[in-house]
Amino acid sequence: MEHRELEELYRRLRAPENALRSAPFWGWNSKLDPEELTVQIRDMKEKGLGGCFIHSREGLETPYLSGEWIEDVETSVQAAEDAGLELWIYDEDKWPSGSAGGKVAAADPERFTAKALTLEIIPYSPEKCPEGGDVIGTYRVEIDGREIRGFGSGDTLLILRREISGTSEWYNGSAPSDNLNADAVRMFIDLTHEKYRERFSQEFGSTIKGFFTDEPDFCDFYSSFTAGRPWLPWTDDFIAAFTARRGYSPEKYLPLLFFDGQDSAMIRHDYWRTLSELFGERYMKQLYDWCEGQGLSLTGHMLYENDLGYNIRVCGAAMPQYRYLHCPGVDILGEQTREYLTVKQCTSVANQYGRQTVITETYGCTGWEFDFEGQKWLGDWQFVMGVTRRCQHMMLYSIAGCRKRDYPPVFNYQSSWWQSDRLIEDYYGRLAACTTAGSPVREILVIHPISSLWTKCACAPDEDLGRVDMNTGWSDAHITALNEEGDTYNRLAEMLMRAHRDFDFGDETILAEAAHVDGSTFTVGQASYSTVIVPKVCSLFASTLELLEQYVRNGGRLIWVGDLPEMTEGRPGSRAKALFEKYGFARVDTYEELPGVLDKVSERPFSITGRLGEEASDLLAMFRQVGEDRLLFVTNQDRNESHWVKIRLPDAYGVTAYDPWTGKYHPVPTERTARKSWVPTNWLAARCITDSSRCLG
């Protein structure tokens with residue numbers, strides 16, 4: 001059939017299925033009543049939701065994972081099945097995931113509790129050198145400020161110890177778990193996922209669609225170690241795992257994780273790279289494989305996706321972990337649209353690994369006054385970058401007492417606008433049908449800078465990691481400086497989107513696994529790119545440099561920003577300069593130069609211009625290939641003004657406008673000039689048909 005994919009899109013637009021509709025966190029936060037659970041699920045169906053995530057929440061009076069809890073889940077499964085809704089299970093008591101409410105650490109406190117490498121600094125004396133026990137190493141050093149000038153001499157003694165975290169009320173009197181320990185993660189699965197499997201295996205894959213893992217990490221806010229000692233994440237077999245992966249023992253270099261000095265960039269790069277790999281394999285992949293084996297999907301999001309300094313500290317790197325989510329996701333807090341990096345990291349991996357669904361945990365902390373306009377403004381911004389499903393934060397079971405202060409708004413009967421909620425649920429169901437049809441047209445790959453930041457990420461010896469707030473993070477200057485550097489890449493992502501140059505990030509761990517060069521095309525998994533941009537970085541993987549060399553040798557379009565890096569994997573020396581001298585490629589000093597360079601070297605898939613011919617930066621857009629046809633989703637992010645614009649396409653199309661809010665179509669007149677099609681518009685989404693003699697709708 002000539003327009004088979006287009007006809008499938010029309011079918012989904014007429015009746016968006018559950019998977020396209022929202023699925024909020026359903027916060028179980030009181031004494032649960034089976035009748036009330038059933039009533040609320042029926043109300044979800046009436047309001048146009050596709051399902052929900054059962055989420056243990058503060059205020060819960062029914063014991064988590066008790067027999068009574070499981071019976072309430074059974075009631076909800078039956079009610080969801082009767083209503084024709086999806087049911088998903090949040091895998092933790094509160095958050096972050098991995099501890100089963102403290103039960104993991106309690107099962108084996110010595111092995112399964114979170115651990116740290118702690119630093120003590122004292123004046124050197126031979127009799128003060130402890131050995132054995134939890135001592136990882138002692139080092140006599142010469143120190144000048146924060147720099148180690150020499151090992152084996154000097155008047156300072158550094159003592160590195162392996163410590164086990166203390167307990168916390170947040171973990172119900174237990175402690176955070178060691179998510180770098182595969183056995184601890186297996187215990188988490190046994191205590192949580194297997195408990196659901198025992199009761200609901202027949203519903204797995206049908207009514208019960210999967211599990212949500214929330215903000216998993218290997219560096220928990222509630223970890224507590226000896227006061228005054230700076231610390232870094234650790235696990236008992238770290239030295240052996242590091243040695244096997246990196247080809248050398250880290251022991252003599254460990255002080256350089258705290259102090260500057262020769263080889264500090266190398267050990268920091270290799271330390272965070274190793275932790276990222278271990279976390280991915282031992283936590284993320286283990287949950288992914290378990291869900292895969294049960295016919296379930298794993299979804300969720302990583303901790304601190306938005307701040308790269310924090311993100312390194314808590315999980316090494318976010319992007320490689322998204323490989324292990326069937327439905328990768330993000331968390332967007334507050335009524336703001338600043339986090340381009342957060343969204344594009346996730347949607348890039350989804351595109352490269354063929355994940356059709358990208359979930360956003362969204363709207364938390366926007367307040368009780370949050371309205372439909374805010375939902376649409378914030379939601380459209382995420383969807384235009386590749387998000388496909390909303391998980392509203394949150395639908396509270398109860399707002400009695402202090403529960404009403406649990407990061408509102410509340411998406412339930414307690415809100416005055418709830419009776420009209422189906423309007424916006426239908427809108428996002430239709431929009432999701434559009435943004436999951438076909439595949440996105442993204443011709444640009446931007447190399448992600450995380451490995452460059454690894455070389456700089458230390459734990460400064462005077463950092464006070466006891467000063468932490470779960471809502472704002474650590475306040476130490478070293479970590480926040482890395483966050484600020486990371487924000488420059490967020491501004492790069494925003495600039496490209498506002499210039500209507502859609503792109504994907506390319507994480508180097510993923511490139512090493514899934515990238516290859518075919519002629520002048522750079523391919524990552526299922527996505528291919530005709531232009532590669534290397535942003536300002538100081539280090540790259542050796543495997544990345546090999547790919548780039550092959551790419552430019554074959555005539556690939558490479559644009560480098562800033563100085564060429566002088567390190568490879570944190571070690572002195574880089575082939576980048578030699579590549580530039582041998583093959584030549586475009587190089588600019590600033591990010592602001594990129595749009596002009598891109599316009600010179602490549603034709604745009606589309607252009608959205610204002611009255612003076614400038615790209616209309618307040619309008620963001622996604623361009624998709626749907627079989628033989630095209631789909632263009634345009635959203636105005638200016639909350640104060642409408643904009644008169646023209647849309648220019650490189651070929652002549654017949655155009656039909658579609659409004660997801662009303663579900664109605666109308667043809668749009670076009671003007672042709674020199675094989676270009678100019679489309680005046682004030683609508684939100686359009687379908688462009690390759691056969692200009694027809695205008696379907």
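Region 572-653: Rg/Rh from Cα coordinates, Kirkwood Rh?
Details: Rg = 17.8 Å, Rh = 16.0 Å.
Rg/Rh for region 572-653 comes to 1.11.
Please compare each pair in K94/K376; K285/K404; K47/K103; K577/K646 to a cut-off of 31 Å on the Cα-Cα distance and tell me which ones are over it. Numbers along the way, then the final one.
Working: K94/K376 28 Å; K285/K404 36 Å; K47/K103 37 Å; K577/K646 42 Å.
Over 31 Å Cα-Cα: K285/K404; K47/K103; K577/K646.
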Read-out Cα Rg over 2.2 N^0.38 Å, candidates (1) 1.04; (2) 0.95; (3) 0.99; calculated match is (3)
Region 314-383, Kirkwood Rh and Cα Rg, ratio Rg/Rh at 1.01
Of the convex hull drawn through the C-alpha atoms of region 34-187, the volume per residue in Å³ is 175
Of all DSSP beta bridges having both residues in region 504-567, the percent classed as antiparallel (nearest 5) is 60
Quick numbers on region 266-318, Rg and Dmax over C-alpha atoms in Å, give 12.9, 42
Percent antiparallel among DSSP beta bridges confined to region 466-603, nearest 5, equals 55
Cross-link reach from K128 to aspartates and glutamates, straight Cα distance under 13 Å and at least 8 residues apart if same chain, gives E120, D155
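If I take every Cα pair under 8 Å that is 6 or more residues apart in region 219-353, average their sequence separation and divide by the length, what percent do I get for the relative contact order?
Relative contact order comes out at 19 percent.
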The Cα extents of region 112-210 along the principal axes, largest first and rounded to whole Å, are 67, 25, 23
Under the helix-only model (-39500 (n - 2.57) for each DSSP H run of 4 or more, divided by the residues of the chain), the mean residue ellipticity at 222 nm, to 500 deg cm²/dmol, is -9000 deg cm²/dmol
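For the chain, what is the percent of antiparallel DSSP beta bridges, rounded to the nearest 5? It would help to have the intermediate numbers written out before the result.
Details: 71 of 119 bridges.
So the antiparallel bridges in the chain amount to around 60 percent.
Since every read-out is calculated from the coordinates, none of them should be taken as a lab result. Remember, predicted model here, so these are calculated numbers, not experimental data.
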